[in-house]
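What follows is calculated from the coordinates using simple rules that are stated; it is not laboratory data. Here the structure is a predicted model, which means the values were calculated and not measured. A quick note on method: Cβ atoms are made from the backbone with ideal geometry, for glycine too, and the neighbour counts reach across all protein chains shown.
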Amino acid sequence: MKALYFAWVRERIGLAEEEIEPPREVVTVRELIDWLSARDEGYAAAFANPATIRAALDKTHAAPDAPIGAAREIAFFPPMTGG
Amino acid sequence: MAPRPAPAVRVQAEDFDPGREQALLTGGRRDIGALVSFVGLCRDEDGALEALELEHYPGMAEAEIRRVAEEALERWPLQGLTVIHRFGRIQPGEQIVFVLTAARHRADAFAAAAFLMDYLKTRAPFWKKERRADGASGDWVSAKSEDDAAADRWR
């Protein structure tokens, strides 16, 4: 699946997007965050405070316990500051 | 009852003209009684801000604003609705966001416009980064708990 990162999540990871292949046991958004966090220091820094991370599955807001299911795209970003 | 209007939603780098948007919505109509127009500006309170860089999630920004707009149409009997949100580099004094609501009566137009702005701030995927006038690298603007509280009052 495609993973997208925005704002300071993007800056800390050092990538705007990438293809990821999480293992089958990664079921929810929260589990995907944990799996990514274990990759290296950048991911760990980006996801250090889960309360400040928002996620979207296929361009729709998703809660941490939402199953990733067959989503083709997941995005991670800080709380939004538009308007 | 009149058919539900289709909201006009645009996410763009370019500036917009509120007068033109109002004319587009009202042109040729005689049934609208109230228009509420809101413009959010980039502000600099102490001379320290050179510009804001607005990052957005293309595709989701439009989709999420459209979802919020449809929710407003569910809640209030609106006759028209326009939302424009800019991205990219925006300097103090420039326009960032525009909401226009049309209804037979002012209470619906006011309430829908306030709802739209409160929800856009917490749900539309945009992030502001400050560019400082002194050349120093600025910070990402933090989300405010007041914005969450403002959105929560519509639940």
On a 0 to 90 degree scale, rounded to 10, what angle separates helix B:60-75 from the longest Cα axis of chain B? 40 degrees
Of A:I13, B:A34, B:I84, whose Cα points farthest to the positive end of the dipole of the protein assembly as shown (charges on the beta-carbon: +1 Lys, Arg; -1 Asp, Glu; origin at the Cα centre)? B:A34
Quotient of Cα Rg and 2.2 N^0.38 Å for segment B:32-137, N being how many residues it contains: 1.20
Quote the FRET efficiency, to the nearest 0.05, computed for B:A13 versus A:A70 with a Förster distance R0 of 35 Å and r equal to the Cβ-Cβ distance. 0.55
Would you kindly calculate the translational diffusion coefficient of the protein assembly as shown, applying Stokes-Einstein with the Kirkwood radius from alpha carbon pairs, for 10 °C and a viscosity of 1.306 mPa s, and quote it in µm² s⁻¹ without decimals? 83 µm²/s
Sparse-neighbourhood loop sites, trypsin sites (Lys or Arg not before Pro) in segment B:23-72 - DSSP loop, at most 13 other Cβ within 10 angstrom: B:R29, B:R30, B:R43
What distance in nm separates the two pseudo spin-label positions at B:A48 and A:T52, each 7 Å out from Cα along the beta-carbon direction? 1.8 nm
Calculated P(r) of segment A:2-77 - Cα pairs past 19 Å, %: 23 percent
Based on DSSP H runs of at least 4 residues, each adding -39500 (n - 2.57), what is the mean residue ellipticity at 222 nm of chain B after dividing by all its residues, to the nearest 500 deg cm²/dmol? -10500 deg cm²/dmol
Please compute the length gained on full extension between B:Q22 and B:A149, using 0.36 nm multiplied by the number of residues separating them and subtracting their Cα-Cα distance. 42.7 nm
